[in-house]
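Notes follow once the structure below has been shown.
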Amino acid sequence: MRVLVVDDNRALAENVAEILEIEGYETLVVDDPAEALRIARDTPFDAAVIDVRMPGMDGITLHAELSRIRPEATFVLMTAYARDERIEEAMQVVRQDDGTRVPLLTKPFATERLLEALRQPGGGPT
Amino acid sequence: MADTDLREPGLSERRETAEGRPLLEELVAYVGFGEADAALLSDMGPALRPRFAAIVDRFYATIQAHPGASQAITGGDAQVQRLKGTLTDWLGGLFGGVYDEAYLERRARIGRVHVRIELEQRYMFAAMNLIREGLHDALDQAEWPGDRRRGHVAIDRICDIELAIMLETYREAYVARIRGSERLATLGQLAASIGHDLRNPLAVIETSVHLLRRRVEADPKVGRHLTRIGEQVGVAGSIISDLLELARDRDPVRRPVAVRELMEEAVLSVPAHAKAKVVLDVSPDLPPASLDPGQIRQVVVNLVMNGIQAVSPDGRSGTVWVRGGAAGDRLVLRVQDDGPGLSPEAMRRMFEPLFTTRNKGIGLGLALCKRIVDKHGGTIAGRNRPEGGAEIEVVLPEALTGSR
């Protein structure tokens, strides 16, 4: 079970990865969305935890690209800007294959919330 | 002229111009009003007084003939009669002969009534002009042995001063508005951008605490500090949420809501406090109310938190009562406490953003309450209870009409 953790805040990306590793996930930490896209093209992954606001490419665009590459993967978005109306609006159109909304975690979040979000159908450590 | 209301609180500070010069002194110098003018006015007063009634009649005939200006008069003939008496006294005041700080304050108090009834400035200008013309006509017709040319000049000068005082009261109101809602909005925008940015470092702290805790569980002291850090991250997060709510400034979305459930939920979401008991008292037959549930829940939460902090400032214990009831179609929410009560300053400024009497908290909770209640078309007011402690009352009109 490999999780891509993408956040331009490297400290947070590494913390999230460490938490996931303790729970038995294998992780790949990336602090640049374009780099994440390159890695995703030739490295298989089962889930991705993606920050929404990043320089160069926002997390919503990255999610769209990654889900095209690997539609069956589980996606979790996270943001410090949850009350921002533009993000709320953008989140309305972010859907998973089965039509449900992609979970959005508001930073700071309790660790349990992240694990729950990853345990959606298709997620969870094997 | 409108009724004077002597309960109107005057600004306690001395009125000054932007350069710090006392307003009256500056005005008097600007229009060239001197001792001689004061003496002339005082001298011609008795000669003009018999003609005040004609000025007053013409003044109100003109106002009543004007659809815009007459809207300021809502009390019918009885009010017009009362207003005529007030205007006659006001005209008498012009010829009093003493034009000092107390005069300025008396005249400004009348001006503030116009601001409060939202009389537009253009009507105030036109009205002052009617008075000026009336006084010049009166002087032309009066038996007065003095120098008439200088008399007319003195009338112009005192009318200029009066006009400036009236404008000053409008400026006061404008400044108060800036200090209130507009300041709140600007502050909110600034705070929101900072607040958002703080959430990233908070997220790192939160996750680091989580990771550390797994490694040091054996040492209770370290664990206690980690718990403390975690709790404080939570507090910081909720302050940021308040700031963001301020910045959002969204209009209420009303829907029918069961008030009792809403209040129970709000009270439950306030962290329990060892020294403060919270008692909920909502009348059981309260019909559903039309309001924005998220916003009104926040009002109740903030008021209860405010009450808890009021009763337990130095470790003593107390009670906070949260009451909900109906008065006609109005929903009335009251949060009462048995704390020390409100100081006069707190009573005047408690809903101002950034006003706080406590060393923790940044003074946004009640300001936020006021804005939400305002947006619901309601009122919020604080007072001291006769039996001790404070009470904040929220009244939401037309919340219980049941049709919406």
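The values are calculated or read from the model by the stated rules, or taken from the named source; none is laboratory data. Since this is a predicted model, take the numbers as computed values, not measurements. When we count neighbours, we look across all protein chains shown, and the Cβ atoms used for this are built from the backbone with ideal geometry, even at glycine.
Count of the range A:108-126 residues, restricted to those that are part of a loop (DSSP other than H, G, I, E, B) and either among the small types (G, A, S) or modelled with pLDDT under 85 (or both), is 10. Exactly one residue among B:G92, B:G68, B:G111, B:G97 is part of a loop (DSSP other than H, G, I, E, B) and touching a residue at least 40 places away in the same chain (Cβ under 8 Å), and that residue is B:G97. When the residues of the range B:336-379 are filtered to those that are among the β-branched types (V, I, T) and under 23 Å from B:K277 (Cα atoms), the one that is surrounded by the most Cβ atoms within 10 Å (Cβ to Cβ) is B:T356. Please work out which one of (1) crowded, with 16+ Cβ neighbours inside 10 Å; (2) charged (D, E, K, R); (3) without any contact (Cβ under 8 Å) to a residue 40 or more places away in the chain is the condition B:D285 fails and give its number. All conditions are met except number (1).
Determine if the range B:284-296 includes at least one residue that is part of a strand (DSSP E or B), of a type outside the set (G, A, S) and touching a strand residue (DSSP E or B) at 6+ places or on another chain (Cβ under 8 Å).
Scanning the range B:284-296 turns up at least one residue that is part of a strand (DSSP E or B), of a type outside the set (G, A, S) and touching a strand residue (DSSP E or B) at 6+ places or on another chain (Cβ under 8 Å).
Could you tell me whether the range A:28-47 includes any residue that is within 14 Å of chain B (Cβ to nearest Cβ), assigned to a helix (DSSP H, G or I) and of a type in the set (G, A, S)? Checked against the condition, which is being within 14 Å of chain B (Cβ to nearest Cβ), assigned to a helix (DSSP H, G or I) and of a type in the set (G, A, S), the range A:28-47 yields no hits at all.
For the range B:302-318, the criterion of being part of a strand (DSSP E or B), touching a residue at least 24 places away in the same chain (Cβ under 8 Å) and farther than 17 Å from B:R254 by Cα is satisfied by at least one residue. Of all the residues in the range B:143-158, those that are outside any helix (DSSP H, G or I), touching a residue at least 60 places away in the same chain (Cβ under 8 Å) and not charged (D, E, K, R) number 2.
Within the range B:246-269, identify whether any single residue is in contact with a His (Cβ under 7 Å, 6 or more places away or on another chain) and in contact (Cβ under 8 Å) with a residue 24 or more places away in the chain, and answer yes or no. Yes, the range B:246-269 contains at least one residue that is in contact with a His (Cβ under 7 Å, 6 or more places away or on another chain) and in contact (Cβ under 8 Å) with a residue 24 or more places away in the chain.
Scan the range B:336-352 and give yes if some residue there is assigned to a strand (DSSP E or B) and more than 20 Å from B:R248 (Cβ to Cβ), otherwise no. Yes: one or more hits.
Rundown of residues vs (1) under 21 Å from B:L163 (Cβ atoms); (2) surrounded by fewer than 16 Cβ atoms within 10 Å (Cβ to Cβ), yes/no style:
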position	(1), (2)
B:A47	no, no
B:A54	no, yes
B:R58	yes, yes
B:S70	no, yes
B:A78	no, yes
B:Q81	no, yes
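The conditions of being more than 14 Å from chain A (Cβ to nearest Cβ), assigned to a helix (DSSP H, G or I), in contact with a helix residue (DSSP H, G or I) (Cβ under 7 Å, 6 or more places away or on another chain) and acidic (D, E) are met by B:E162.
For the range B:204-227, the set of residues classified as surrounded by 11 or more Cβ atoms within 10 Å (Cβ to Cβ) and away from chain A (no Cβ under 14 Å) consists of B:V216, B:D219, B:V222, B:G223, B:H225, listed by residue number.
I need a count of the residues in the range B:234-251 that are surrounded by 19 or more Cβ atoms within 10 Å (Cβ to Cβ) and either within 7 Å of another protein chain (Cβ to nearest Cβ) or over 25 Å from B:N302 (Cα atoms) (or both). Final tally of qualifying residues: 2.
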